[in-house]
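*Asks:* Attaching a single structure in structure tokens format; questions to follow.
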Amino acid sequence: MTNLITRLGPRRTGIVRALHDAVRPARLLLVAKTALAVGLAWTLAPHMPGVTDEYPYYAPLGALVSMYPTLMGSVRSGLQTLLGLATGIGLAAIVVLTVGPTWWTIPAVVGIGVLVSGTGWFGAGREYVPMAALFVLIIGGQNADEYSLGYLVQMGVGVVVGLVVNVVIAPAPLTLAAAARVEAFRLQLSEHLHDIGAAVSESWPPEHQQWAEDAASLADTTAALRAALSEADDSRRGNPRARGRRGETAHIHEELGRLDRIAHLIRDISDEIADTIWDRPGALVLDPALPDPLSAACHAVAEVIAQDDPATSEDHRERAEAARAIRLLLETVDDRTLAARRSMGPGVLTAMHLRRILIVSGHREPEEEAPAEDDREGEEDPKGEDEPEFR
């Protein structure tokens, strides 16, 4: 029963997160704009000149495919869709002007459309290459030329309507949402390191295994965050609500880069501890004297990761505590290595990685570094004697 609850926990969390994402203000704004664009396109479609007014149902479809959370995304999606349609109509026109639609030409041109759409030239419009060719040959029939014109023009009308709506009601840059997700990832890393610290201090071997299973998901989380940041960058391009320096993401990219390095180090610690706990291949024996100082060092460094500003006095105190805990772990490793005359592998690797995490988490650009030594003469060192020597 416990294992079942453990497996269902992440799924329940995922469902709640998905529902929360579906009703975010930015998503609700997109819903309203899409409905408005579709309604306007359907209203304008019957007033198109010539035979194009006979195919008004394609205008709302064009508006639908052009609506995207970002302006540049809408432009790309709309243009790629029209390019895919034009290519598919062109393939169908070749068949109509030569052998005509038959039992073998229709599947052949659809196959060619699927092949061409795989080139990567059409992006969001790749599915419309074979679709347009099929529709022209089957639905257009004897009136393939009129149908093709109406299909393409009405889709174009819908795309234009969608773009106009997206420009007039410009979406907000996605920078704040991306920053919030990166912040949540930092807290996730801190919690994960706390879990490792708790695991090694449990009854041996630890019964709690979720921390080891969660380690593999850190890389997936990083990839998802990079995609969210890329979308945030895209949301600023051409957006009047992102003029000037508002919504810049350079600092978020730098923070995610630091967290990515920390995640790799935590995964290494997690894998080594898990190998040792469950006696996997490559495991090294964990001396009985190591779990307590190792756990204390993990907890102390996890508190440092949780600090959102590495320049505050609170952060300095947490770093001093973490440096002291790592030093005690190293002293224990040294003592037990001499006494037992064997490698203290898990302790050495964990101490090295925890020190590296402190260095990475405290990195700042040169202009943000502390004042030069000459400017600090006569000042009292506020960090105390436990300030990490490796900073």
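The values are calculated or read from the model by the stated rules, or taken from the named source; none is laboratory data. Bear in mind that the values here come from a model prediction, so they are computed numbers and not experimental data. Please note: Cβ atoms are built from the backbone with ideal geometry, for glycine as well, and neighbour counts cover all protein chains shown. When the accessible area is computed, the model is the full protein with side chains, heavy atoms only, and any ligands, DNA or RNA have been set aside. Shrake-Rupley method; radii C 1.70, N 1.55, O 1.52, S 1.80 Å.
*Asks:* Starting from the coordinates of the alpha-carbon atoms of segment 25-87, obtain the Kirkwood hydrodynamic radius over all distinct pairs and give the value in Å to one decimal.
*Replies:* Working: mean 1/r = 0.0804 Å⁻¹.
The answer is 12.4 Å.
*Asks:* Within segment 1-157, what whole-number % of the accessible surface is contributed by carbon and sulfur, with the 1.4 Å probe and all protein chains included in the calculation?
*Replies:* Here it works out to 70 percent.
*Asks:* Please report the Cα spread of segment 289-363 along all three principal axes, rounded to whole Å, starting with the longest.
*Replies:* 42, 17, 14
*Asks:* Would you list the P(r) distribution for segment 123-165, with all Cα-Cα distances sorted into 5 Å bins from 0 and each bin expressed as a whole %?
*Replies:* 5, 22, 23, 25, 15, 8, 2, 0
*Asks:* Let me ask you something else. For segment 1-158, what is the accessible area per residue in Å², given a 1.4 Å probe and the full set of protein chains?
*Replies:* 56 Å²
*Asks:* Averaged over all directions, how much area does the convex hull of the C-alpha atoms of segment 113-196 cover when projected, in nm²?
*Replies:* That works out to 10.0 nm².
*Asks:* Let's test the formula: R0 of 35 Å, r as the Cβ-Cβ distance of D309 and A198. What FRET efficiency results, to the nearest 0.05?
*Replies:* On the way: r = 26 Å, r/R0 = 0.74.
FRET efficiency, D309 to A198: 0.85.
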